[in-house]
Amino acid sequence: MTCWLNRQLNILDYTITSLLRRWWKNLSLIFIYSVLVFVIGSVMFFTRAMQREAKLILADAPDLVIQRLVAGRHDPIPLARAEKIRSIRGVSAVSPRLWGYYFDRINGANYTLQGADDRGLLPGDIDIGAGIARSRKIEAGDIFSLTDSNAIPQVFQVRKLFDAASDLLTVDLMIMPTEDFQSFFDFPADRATDFAVSVRNPREIATVAGKIVELFPDSRPIMKDEILRTYASIFDWRGGMMIVMVAMAVLAFVIFAWDRASGLSAAERHEIGILKSIGWDTGDVLSLKFWEGAVISLTAFLAGILAAYAHIFLMPAPFFSHALKGWAVLYPSFRLTPYVDFSQVAVLFILTVLPYLAATIVPSWLAASVDPDAAMRS
């Protein structure tokens with residue numbers, strides 16, 4: 001065992017020396033290889049991290065969201081239905097919610113307005129997201145003007161700004177007292193935007209949703225699992241679009257690997273012939289080529305993966321974050337929590353490293369099987 005290990009170490013030492021003799025060629029190869037791993041790895045890291053962020057954010061979401069549909073469109077739901085839904089067996093709480101959208105003609109952005117009475121807001125107060133504050137250049141304590149549904153300007157005082165750390169949720173959010181919300185949108189006092197329903201037993205959520213539909217046929221129950229699946233599908237689709245965009249790079253890599261598999265250069269065949277003539281056997285030659293491929297592929301893979309990790313989790317993914325996050329006038333600025341799915345890394349390793357090793361060893365085995373004198377003459 002010790003003899004075999006020393007032999008492999010000597011072969012590895014010769015491999016590194018051989019690679020350094022052709023350092024420019026190998027360095028350019030590692031660079032191209034690393035860029036391919038970097039792009040695909042960045043898409044994989046970003047997609048999975050965003051899915052995880054969505055899952056964590058929606059962990060506190062209501063078990064059911066009940067909306068009312070009129071002619072297939074979302075319509076305010078009567079508050080009187082809350083008590084009937086609350087009486088359904090298995091329902092622990094029903095909370096009416098008031099929210100809507102506001103288009104700001106000043107910067108062309110859409111805001112989310114929410115009415116709430118549990119935040120200590122006084123009439124005329126408003127809490128706003130950091131993105132709105134940046135776009136409108138306002139701070140806590142400033143006066144903030146909005147135009148209501150009757151085209152009448154309404155003046156609010158900014159009580160506080162949401163923390164920038166919560167930008168993913170609050171970048172375009174404004175919260176005002178319920179009465180101000182109803183007055184601003186001319187919203188009926190006996191209606192809510194939707195109901196947030198809590199169910200005691202998670203396994204009964206679908207059953208409760210079915211009972212609500214039986215009770216109110218024009219209602220649409222949305223379960224938390226459906227929201228999670230929707231977010232996962234969105235990011236999978238966007239990640240797939242990015243993979244399609246780099247398909248040309250992947251194709252170039254496949255062509256390169258095929259070219260390697262088609263045969264060695266004359267210089268490489270000559271080198272193998274010399275090694276065989278001085279006593280190297282076929283196994284030693286294959287070990288040499290294996291270590292050459294392993295050094296190049298592993299170096300490129302590690303460089304690409306580390307660069308992808310830094311690009312996604314240490315920087316705000318500047319190269320293609322907009323394509324994966326989506327588009328908005330008020331763009332949330334946030335850093336993703338580092339999260340690596342090692343099964344995806346393993347798949348990327350198999351798809352990029354193993355084909356290259358095979359494309360290196362197979363033609364080397366064919367060349368090593370030839371008579372040394374014939375290999376040197378060729």
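Read-outs: derived from the displayed coordinates by stated rules, not from any lab. Keep in mind that what you see is a predicted model, and the values were worked out from it rather than measured. Glycine also receives a Cβ, built like all others from the backbone with ideal geometry; neighbour counts cover every protein chain displayed.
Numbers for the structure displayed
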| quantity | calculated |
| --- | --- |
| Kirkwood hydrodynamic radius of segment 1-89, from inverse mean 1/r over distinct Cα pairs, in Å | 20.3 |
| In sequence order, calculated HN-Hα J values of segment 49-59 (Karplus, 6.51, -1.76, 1.60; Hz; x Gly/Pro) | 5, 5, 4, 5, 4, 4, 5, 5, 5, 7, 4 |
| For segment 77-192, alpha-carbon Rg over 2.2 N^0.38 Å | 1.16 |
| Formal net charge of residues neighbouring PRO78 (Cβ-Cβ distance under 9 Å; K, R +1; D, E -1) | +2 |
| Linear extension gain, ASP186 paired with ARG22, 0.36 nm per residue minus alpha-carbon span | 51.5 nm |
| Antiparallel %, DSSP beta bridges [both residues in segment 77-192], to 5 | 65 |
| Long-range HN-HN contacts of ASP63 with modeled amide H, under 5 Å | VAL197, VAL199 |
| Charge dipole of segment 77-192 about the Cα centre (unit charges at C-beta), most positive-ward option of MET176, PHE144, TRP99 | TRP99 |
| From phi via Karplus (6.51, -1.76, 1.60), per-residue ³J(HN,Hα) for segment 25-41 in Hz, x at Gly/Pro | 5, 5, 5, 5, 5, 4, 4, 5, 4, 5, 4, 4, 5, 4, 5, 5, x |
| Label point distance in nm, SER145-LEU169, each placed 7 Å from Cα along Cα→Cβ | 3.3 |
| Nonlocal amide H pairs with LEU79, under 5 Å, H built at 1.01 Å | ARG191, ALA192 |
| Fewest-first sequence of MET176, MET50, MET315 by Cβ atoms within 10 Å of each Cβ | MET315, MET50, MET176 |
| Sequence ranges 221-229, 342-350, 306-314, ranked by mean other-Cβ count within 10 angstrom, highest first | 306-314, 221-229, 342-350 |
| Formal net charge of residues neighbouring ALA308 (Cβ-Cβ distance under 14 Å; K, R +1; D, E -1) | 0 |
| Farthest positive-ward along segment 1-156 dipole, Cα basis, beta-carbon charges - from PRO123, THR47, PHE156 | THR47 |
| Label-to-label distance, nm, for residues given as ALA71 and ARG86 (7 Å Cα→Cβ offset) | 3.3 |
| Alpha-carbon centroids, segment 170-228 and segment 61-78: separation in whole Å | 6 |
| Taking segment 77-192 and dividing mean pair separation by its residue count, relative contact order in percent (alpha carbons under 8 Å, at least six apart) | 32 |
| Gain on full stretching of the segment that runs from GLN157 to ALA358 - 0.36 nm per residue minus C-alpha separation | 65.6 nm |
| Gain in span if fully extended, ILE138 to ALA59, counting 0.36 nm per residue against the direct Cα distance | 25.2 nm |
| Long-range amide H partners of PHE144 with built H, under 5 Å | PHE156, GLN157, VAL158 |
